[in-house]
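Quick notes on the structure that follows.
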């Protein structure tokens, strides 16, 4: 019964009714309490929004912060500036739509003050963050590599923080 009430309230909202008015109409039609219908509809809307975000490969800011807290290397193991660059690029990449992402440009902008060693550390840390994500959420563009998997260069391509390489052979 509640599912039908949620569907009815959602349909009224899509038709242009204000949510409070839609809840009142649905409560009158179904006989269920108005506040329970509104709460169920809000939960349904949040679930749909989260599903769409996951399908789009995007995180909320809170989800991105929590992911970084869990997966970013501790300060004792990685230089602070390299860690900051990796976290900034990850956060700015994962909180925007796929069409608006440009990992290499974001990395260039964030890493312009780094020396060579810190630059390499930041690249490795960023790759570690992408590897910790589920494959469906990996934001890197897929590119075809002219280097076969048995080549000595393949491990370098495979650890790239900017692209996911697919081997020719």
Self-check item: Using alpha-carbon coordinates, inclination of helix 19-30 to the longest axis of the chain, degrees
Solution: 50
Quiz item: So what's the angle, to the nearest 10 degrees on a 0 to 90 scale, between helix 34-56 and the longest Cα principal axis of the chain?
Solution: 20
Exercise. Would you mind computing, in nm to one decimal, how far apart the modelled labels at residue 80 and residue 1 are, each placed 7 Å from Cα along Cα→Cβ?
Key: 6.1
Self-check item: Cα gyration tensor shape for the stretch 61-139, rounded if a/c is under 1.5, else prolate or oblate
Solution: oblate
Exercise. Would you mind computing, in nm to one decimal, how far apart the modelled labels at residue 63 and residue 131 are, each placed 7 Å from Cα along Cα→Cβ?
Key: 2.3
Self-check item: Label point 7 Å beyond Cα of residue 56 along Cβ direction - residues of the stretch 76-95 with amide nitrogen under 19 Å
Solution: 90-95
Exercise. May I ask you to sort 25, 121 by Cβ crowding, counting other Cβ atoms within 10 Å and putting the fewest first?
Key: 25, 121
Practice problem: State, to one decimal in nm, how far the label point of residue 29 lies from the label point of residue 152, with both points 7 Å from Cα in the Cβ direction. | Solution: 7.2
Quiz item: In whole angstrom, and with the biggest value first, how far do the Cα coordinates of the stretch 2-56 range along each principal axis?
Solution: 37, 21, 15
Quiz item: Cα centroids of the stretch 94-137 and the stretch 29-61: how far apart, whole angstrom?
Solution: 32
Exercise. Taking the Cβ of each residue in 75, 83, 53 as the centre, tally the other Cβ atoms inside 10 Å and list the residues starting with the fewest.
Key: 75, 53, 83
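Could you put 91, 152 in order, starting from the residue whose Cβ has the fewest other Cβ atoms within 10 Å? Present the calculation step by step, with values, prior to reporting the outcome.
Numbers: 91 18, 152 7.
Neighbour counts put them in this order, fewest first: 152, 91.
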Quiz item: Taking the alpha-carbon set of the chain, what are its Rg and Dmax in Å?
Solution: 22.6, 71
Practice problem: Working from Cα positions, state the angle (0 to 90°, nearest 10) between the long axis of helix 80-94 and the longest principal axis of the chain. | Solution: 40
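Quick note: the coordinates plus some simple rules give every number you see, no bench work behind them. What you are looking at is a predicted structure, and each value in this text was computed from that prediction instead of being measured. Neighbour counts are summed over all protein chains in view; Cβ atoms, including those assigned to glycine, are modelled from backbone coordinates with ideal geometry.
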